[in-house]
Every structure is written in structure tokens, then in C-alpha cells.
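S.K.: My structure is below; once you've seen it, I'll send some questions.
Every number in this text was worked out from the coordinates using simple rules, so none of it is lab data. Given the structure is predicted, the values throughout are model-derived calculations rather than measurements. Because the Cβ atoms are built from the backbone with ideal geometry, glycine has one as well, and the counts that use them run over all protein chains shown.
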Amino acid sequence: MNIIQSFLTACILSVTILSLSSCSTPPVDTETPQSPTPEATVSPQPTSEPQKQTLSPADTVPVTIYQVDSQCSELVPRQITLPKEQALERAIAEVLEQQSSSDFTLNYRIKVEPDKQVVTIDFRVPTNADRTFNSLSSCEQLALFGSLRKTIISNSNWQINEVIFTEQGEEIAL
């Protein structure tokens, strides 16, 4: 009888430990308050699972983003649906997510000047980064700058005619 009690106690304890170790807390969405100016600081972060959006079709807008083709010779359009609010910022994040790599991570800020029809993307390359903008191949430059420029200018809803790329406030010359 003592052996059975020990066995049952060990089984119950094992099942309890196993069930507790598999519990996890669901991810929490946090929103940072937006400043009154149309500037945002964004760091693209890879997501491990798709984000669930509970937006109605009336709250979304189709957006064409551009990505470089497999031969790195032209930009290919891809239609996605984004929330109407912050569609421009999310389109930029989507394009940059496609460009992210372990040896070249980017943080950035977006400044929209609707009266001038200009968007400025100010990149922040970490000081310990292995690479800089000057080390990008022509294909990587097309994928990064070309994709962003074409995505922003080609979506007529945003009425943007010029995209300026800077690094910590200084215009990027490649």
C-alpha cells in the first residue's frame, strides 16, 4: 500500500509540475502615446506569430508595398491591407521588416510633412553594428531605399512626392 501511495503522489506531483511549466502569459499589446507632431520612433521587431487584428473592413485600407525581385533588377508590387490609422507608418515597418538581417539592424523615426508632401525617414544604426549604409551592395540599397521610396510615393492616398533618407539627421549620400 505504501508503494502505491508513493507512486500516486509522484504521478500527481509530476503532472502538476508539467502543467504549470507549460502555462504562459499571453502577450500584452502596449501602445506608446503619440506626440502631437507627426513623428514616430519605430524599431522593427520580428514577430514569432501573426498578429490578430480585429478591425472591420471599413477600418482598413489596401496598400501596395514594393519589394525587390529575386534577380535584384526591379521592384515588385504586393498588395496588403493595413489599418487606416497609421497606414503609412505600418507600410514602412512592413517594408523594413523584409530588409532586416542580423548584421544590419535599423531603428528609425518618421517625419511626415503633408504640406510639403515630404516624408523623412531618419535611420539610427547602432554604434556597435557590423555594417553601415556605405557597406550595402547596390542590390541591398535598391531593396532598402528603392522599396521604401516607391512604396511611399506610389500610394496616392498619402500624397507624398518626396522621400528623404537621413542618418541621425544627416542626409544619406550613397
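S.K.: What is the list of residues in region 66-90 whose amide nitrogen lies under 15 Å from a point 7 angstrom out from the Cα of N157, following Cα to Cβ?
M.R.: Only 66, 78-90 pass the distance filter.
S.K.: Could you list which residues have their amide H under 5 Å from that of V61, counting only those 5 or more apart in sequence or on another chain, with H placed in the peptide plane?
M.R.: Residues meeting the amide H criterion: L82, K84.
S.K.: HN-Hα J couplings of region 63-76 from phi, Karplus 6.51/-1.76/1.60, θ = phi - 60°, integer Hz, Gly and Pro as x?
M.R.: 9, 9, 10, 10, 9, 6, 6, 5, 8, 6, 10, 8, 9, 10
S.K.: Now for a different question. Starting from the Cα-Cα distance between T64 and T81, subtract it from 0.36 nm times their residue separation and give me the gain in nm to one decimal. Don't skip to the answer; put the middle values down first.
M.R.: Working: separation 17, 0.36 × 17 = 6.12 nm, distance 0.85 nm.
Going from the current span to full extension adds 5.3 nm.
S.K.: Using the basic label-point model (7 angstrom from Cα toward the beta carbon), what is the R131 to Q117 distance in nanometres?
M.R.: 3.4 nm
S.K.: Let's test the formula: R0 of 22 Å, r as the Cβ-Cβ distance of S100 and I172. What FRET efficiency results, to the nearest 0.05? Don't skip to the answer; put the middle values down first.
M.R.: Numbers: r = 18 Å, r/R0 = 0.81.
Plugging the Cβ-Cβ distance into 1/(1 + (r/R0)^6) gives 0.80.
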